[in-house]
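For reference, the structure is listed below as structure tokens.
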């Protein structure tokens, strides 16, 4: 059932965002955070692939005087591909500047 | 499209779980936490109804010596109903004792 | 020992910030979130008083097109008073615009 | 002032716990999570050293049928050393089985 794959893709993106927003981030640990975030998605049921990227430019813009900042919605790109009973769905999380919102989009085959 | 409603329902459950797991909880503040968690779901796009319940019995079983504990997956029941372009989907989060897992299920019309 | 009270005050502020940053917030649920956040601090060991306020003006400025936003560091004010073995310490969390940082300050008697 | 160092050590442990509890964890990603968690502590002000360990035995005991579980308080050991104006303080987070609590202890020189 296509809906199940879509549902599972949604779960993963909602989980990722709310687990990791707030994490201390800088150019120094962005890569290790990306890997940790990806590893968490890959553990979850039905996931076949995942990609997480932290926007270094945004991080730089928001650096505090202590040289790091909190991870926020406008810094995260994520893509997760799930497969449930042969049906695939891909979810993408990407900041939407116009809506000022970390928009999650569904791509189905 | 049915899948979109399913996707959105998934997002809400994943978000709820990963935002609130870890919150200090006891019998004293379980009700206010339920209300706060519900209020967060209701703000999100496409949500038409939501219900959140914290299992007091589980909370009691896990109370630390300081008389509260961390909110964990086996204490949360949540239900969210979304509507996207006329299509409805309901997602339910409930602890599955056999799988030792906070299972999220999709109910479509 | 004064240090213990200071340590405990620090724990509470670090916990509050990282538990609740990312929560969906708008003018509609800011009050219930404040109450829930306060209730969580009050459960923790040695706390004698707590205050949490969400800056509505900042929330308004960051509202997405979906009419809510994620709770961020520049929207939270919190104050926690702890007492350990007769020693008191107060911790305050407040956004520092100059440092672009959710600064936590210690006030001891 | 010794209290400031204690306060800062407390902040770091409270932050770590509430940011990362709930993260999907298994034997596969425990090491990368430890590194990511440590990297987050090291970014924060006044920190001179940090150590984070995830208890693999506990993870194994709580594995769900999907072969991972949520990171919980009884799986985390953390140690953070801070220095403020020449004063040092070390905070340790370790599960206390008797109190059923993720106890945070202060060690000052």
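The values are calculated or read from the model by the stated rules, or taken from the named source; none is laboratory data. The structure displayed is predicted, hence computed values, not measured ones. Virtual Cβ from ideal backbone geometry, glycine too; neighbours counted across all protein chains shown.
Among residues belonging to the stretch D:59-70 that are free of Cβ contacts under 8 Å to residues at least 24 places away in the same chain and outside any helix (DSSP H, G or I), point out the one that is surrounded by the most Cβ atoms within 10 Å (Cβ to Cβ). Outline the logic, then answer.
Of the residues in the stretch D:59-70, the ones free of Cβ contacts under 8 Å to residues at least 24 places away in the same chain are D:61-62, D:64-66.
Then keep just the ones that are outside any helix (DSSP H, G or I); that gives D:64-66.
Details: D:64: 19, D:65: 12, D:66: 16.
The extreme case among them is D:64.
Looking only at residues of the stretch B:93-109 that are more than 11 Å from chain D (Cβ to nearest Cβ) and in contact (Cβ under 8 Å) with a residue 40 or more places away in the chain, we find that the one that is farthest from the chain's Cα centre (by Cα) is B:108. When the stretch C:1-58 is filtered for residues that are part of a helix (DSSP H, G or I) and at pLDDT below 95, only C:2 remains. Exactly one residue out of B:73, B:22 is surrounded by fewer than 22 Cβ atoms within 10 Å (Cβ to Cβ), within 19 Å of residue D:22 (Cα to Cα), free of Cβ contacts under 8 Å to residues at least 60 places away in the same chain and within 14 Å of chain A (Cβ to nearest Cβ): that is B:73.
Screening the candidates B:30, B:50, B:9 for the property of being farther than 24 Å from residue D:25 by Cβ, at the interface with another protein chain (Cβ under 8 Å from one of its Cβ atoms), touching a strand residue (DSSP E or B) at 6+ places or on another chain (Cβ under 7 Å) and in contact (Cβ under 8 Å) with a residue 24 or more places away in the chain yields one hit, B:9.
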